[in-house]
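As C-alpha cells, the structure follows; a few thoughts come after it.
The values are calculated or read from the model by the stated rules, or taken from the named source; none is laboratory data. From a predicted model like this one, the values you see are computed outputs, not experimental measurements. Counting neighbours? That spans all protein chains shown, and the Cβs are built from the backbone with ideal geometry, glycine included.
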Amino acid sequence: MKREPTLCENRKRWGTRGNSRAEKIKTRESAAPGDSPGASPLSVHDYRRFLFERYTFRVITRLEEINVHIAKWIGGLCGSTVLLWAALYQFNSALASGTEQEQKGDSPALTIYNQQFAVVRQKLPLDLRSGVNHIQVTDITAHLEPDSVILRPLDPSRHLQILEQNYRNDPVSQQLLLSLYEGKTIDFLETDKDGTARTVPGKIIRSGYVPHYAALQTYSPQYAAQQAAVAQGSEQPVIEVNGKLQFSLPGQPLFPALADDTVLKPTLSWELLSDKPGAILAEFSYVTGGMNWEASYNVIAPLKSNVLELVGWVTLDNQSGKTFRDARLKLMAGDVNKVPPPMAMVMGRAGAAAFGVGGGQFGPPVTEKAFDEYHLYTLEHPTTLHDRETKQVEMVRAAGIQSKTLYVYDGLKVEQNYQNWPMESIRQQESYGILCNPKVWVMQEFKNSSENHLGMPLPKGRVRFYRRDDDGQLEFTGENDIDHTAKDETIRLYTGNAFDMTGERSRTDYRADFNARWLDESFEIKLRNHKSEPAEVRIVEHLYRWTNWDIIKNSEPFKKLDSRSMESLVQIPAGGEKTVSYKVHYSW
C-alpha cells in the first residue's frame with residue numbers, strides 16, 4: 001500500500017524544488033478537474049489534496065513570520081528589561097548613597113564629659129511659615145536641661161527666635177491617666193477566680209498619683225518636706241464601686257482615650273518666630289544628664305621582667321532615655337566646673353596627636369588633642385549608642401613600657417580615735433603613734449613619656465595589673481585608680497602588700513619638756529625579707545608632732561620629703577633583716 005507523504009516531507013520537497021511547485025500551483029489554481037486540455041486531468045481527490053496543501057503551506061509560512069516577529073519583540077523586551085533593571089540599580093545605588101551621605105551628615109554629634117553629662121548636637125529640619133510657628137520636638141533625651149537649649153539656622157540668611165519654650169517630661173502612665181480622670185467613671189477589667197473576665201464601672205475618687213520627684217532634687221529641703229507631707233497617706237487610690245469605696249483598683253483600668261495634654265515621651269514645645277517661609281535646616285543642641293564615660297587600663301607584665309604592655313579602653317554609658325544612631329562621639333577629659341542642682345549640693349556631695357599606637361596597623365581608633373584647658377578625645381568612626389547600653393572602645397595600645405616595682409614601708413598606724421586631730425593635741429598625747437603597721441606595700445611606677453612609648457595625656461581611670469605565668473596564663477596582681485595624668489608625669493600606683501616581706505616599728509625613747517617647748521622621740525624599724533632575692537625598700541616616716549624638727553641621730557641617710565615626712569632607702573639581702581633607727585628633736 002502506497003504511503004501518503006507527510007506535511008513535513010512535502011515542505012521539505014517544496015523547499016528543494018524552489019518555485020517550481022509554487023508555479024504549478026498557480027497554473028492549476030484556475031483549472032477545474034478535467035478542464036485543462038494540455039495537462040493531465042486531476043481527480044477530485046487530488047484537487048482537494050492540492051487545495052489542502054496550499055492552504056497549510058500558507059498558514060505555516062504566516063506562523064513562521066509571526067514567530068520571527070514575536071522573537072524580535074521578546075528580545076527587545078528582554079533588552080529593555082535588562083536596561084530598566086540596570087537603570088533601577090543605578091538609581092537605587094545613587095539613592096542609597098545619597099541617603100547614606102544624608103544620614104551621615106544628619107547623624108547626631110555627642111561630646112560626653114566624664115562628669116555624668118553630655119552636649120548633644122543634631123540637625124533639625126523645619127518647614128516654617130513666616131511669623132509664629134508652633135513646633136514640637138520629641139527626639140530628645142529624658143534628662144535634657146531646658147535652659148541649655150540652643151537653636152540656630154544653618155542658613156545665615158534665615159533668622160529664628162524662640163519666643164516661648166515648654167518642656168514636658170512626664171510621659172503618660174497608668175498613674176498619670178488615673179489622676180487625669182479623677183472625678184470620672186471608667187471601666188475596670190476584672191478577672192474572676194475561674195478566669196472569667198468582666199468589666200466593672202468605677203469612679204476615681206483619688207488616683208494615688210505620686211508627685212514628680214525630679215522637682216525634689218531642684219528645690220529646697222523645705223519643699224521636699226512639704227511634698228512628703230502631702231504624699232503621706234495619699235499613695236493609695238480610692239475607687240467608688242457600686243456606691244462603696246475601696247483603697248485599691250478593682251481591676252485593670254480601661255481608659256476611653258488619652259487626654260489632650262498628655263505626652264508619650266519627653267517633649268519640647270516652641271513658639272518659633274521665622275522671618276521667611278519655607279523649609280530650613282537648623283542645628284539643635286542642648287546639655288543632658290544620664291551619660292558618662294570613663295577610662296580603664298589593662299597592664300600586662302612578663303614573668304621575669306617589668307617591661308609592660310598597656311591597653312586602654314573607653315567605657316561609654318548611656319542612661320539618657322534616647323538611642324543615638326551613627327553618632328559622632330567626642331570625649332572631654334578634665335575637671336570642667338559644672339554647678340550641681342541645689343538639692344545635690346545639699347546632699348553634699350590645640351595640637352593633635354595620635355593616641356599611642358592604638359589599633360595597630362589600622363591606625364588609632366581614638367585621637368587626642370588639647371582643647372582649652374582640657375583634653376578632647378575623638379572616636380574616629382561613628383557608633384550607635386543605645387539607651388541603657390554600656391559600650392567599650394579601645395583608646396590606646398602601647399608596648400615596651402619600662403617600669404619599676406617599688407617596696408614601701410610606712411610603719412605608722414593611727415588609731416581611729418586620733419583621726420583628724422590637730423598637731424597641738426597630738427603633741428600633748430604621748431601614746432600617739434606607737435601602733436605598728438606590719439605590711440610592706442607593693443607599688444608600680446612608670447613614666448608617661450614618649451621615650452617610654454607613651455607620652456600622651458591619660459584620662460583618669462582604673463589601672464589593672466596582670467603578670468604572665470610560666471604557663472602563659474595571665475594572673476591578676478592588683479589595681480588602683482589614676483587621676484588625669486599629663487604627658488611626662490610619673491605614675492605610681494599601690495597594687496597590694498608583699499607576702500614575703502614584713503616590717504616592725506617601735507618607739508624606743510620619749511622625752512618632753514612642755515614648759516621649755518621641746519620633745520625628743522626615738523624609733524627603731526626592722527624589715528625582714530623572706531624572698532630568694534634581695535629587695536630595695538623605701539621607709540617613709542611621718543614627723544607628726546610639729547613642723548619644726550631635726551634628725552639628731554640616724555643609722556641610715558634620709559631625705560626630707562616635706563615639712564612632715566622623710567624617706568630612707570635601704571637594701572635588704574635575700575632571707576635577711578635590716579634595722580633602721582633615728583632620733584628626732586621637736587621645738588616650738
Among residues of the range 415-444, those that are surrounded by 14 or more Cβ atoms within 10 Å (Cβ to Cβ), not aliphatic (A, V, I, L, M) and not in a loop (DSSP other than H, G, I, E, B), counted | 6
All but one of (1) at pLDDT 65 or above; (2) in a loop (DSSP other than H, G, I, E, B); (3) surrounded by 14 or more Cβ atoms within 10 Å (Cβ to Cβ) hold for Thr199; which doesn't?
-> (2)
Would you mind telling me which numbered condition in (1) farther than 30 Å from Arg545 by Cβ; (2) in a strand (DSSP E or B); (3) not small (Gly, Ala, Ser) Leu454 fails?
-> (2)
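Which residues, counting only those in the range 246-291, are closer than 17 Å to Ala142 by Cα and assigned to a loop (DSSP other than H, G, I, E, B)? Working first, answer last.
So the first thing to find is which residues in the range 246-291 are closer than 17 Å to Ala142 by Cα, and the list is 262-269, 284-291.
Within the range 246-291, Thr262, Val263, Leu264, Lys265, Pro266, Gly290 qualify.
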Residues of the range 478-500 satisfying the condition of being surrounded by 17 or more Cβ atoms within 10 Å (Cβ to Cβ) and part of a strand (DSSP E or B) | Gly478, Glu479, Ile482, Thr485, Ile491, Leu493, Thr495, Ala498
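With Arg538, Arg467 as the choices, which residue is closer than 30 Å to Tyr297 by Cβ, in the same structural domain as Leu435 (by TED's automatic domain parsing), at pLDDT 95 or above and touching a Leu at 6+ places or on another chain (Cβ under 9 Å)?
On inspection, the qualifying residue turns out to be Arg538.
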Criterion (among the aliphatic types (A, V, I, L, M) and within 24 Å of Ile525 (Cβ to Cβ)) met by exactly one of Val440, Val396 = Val440
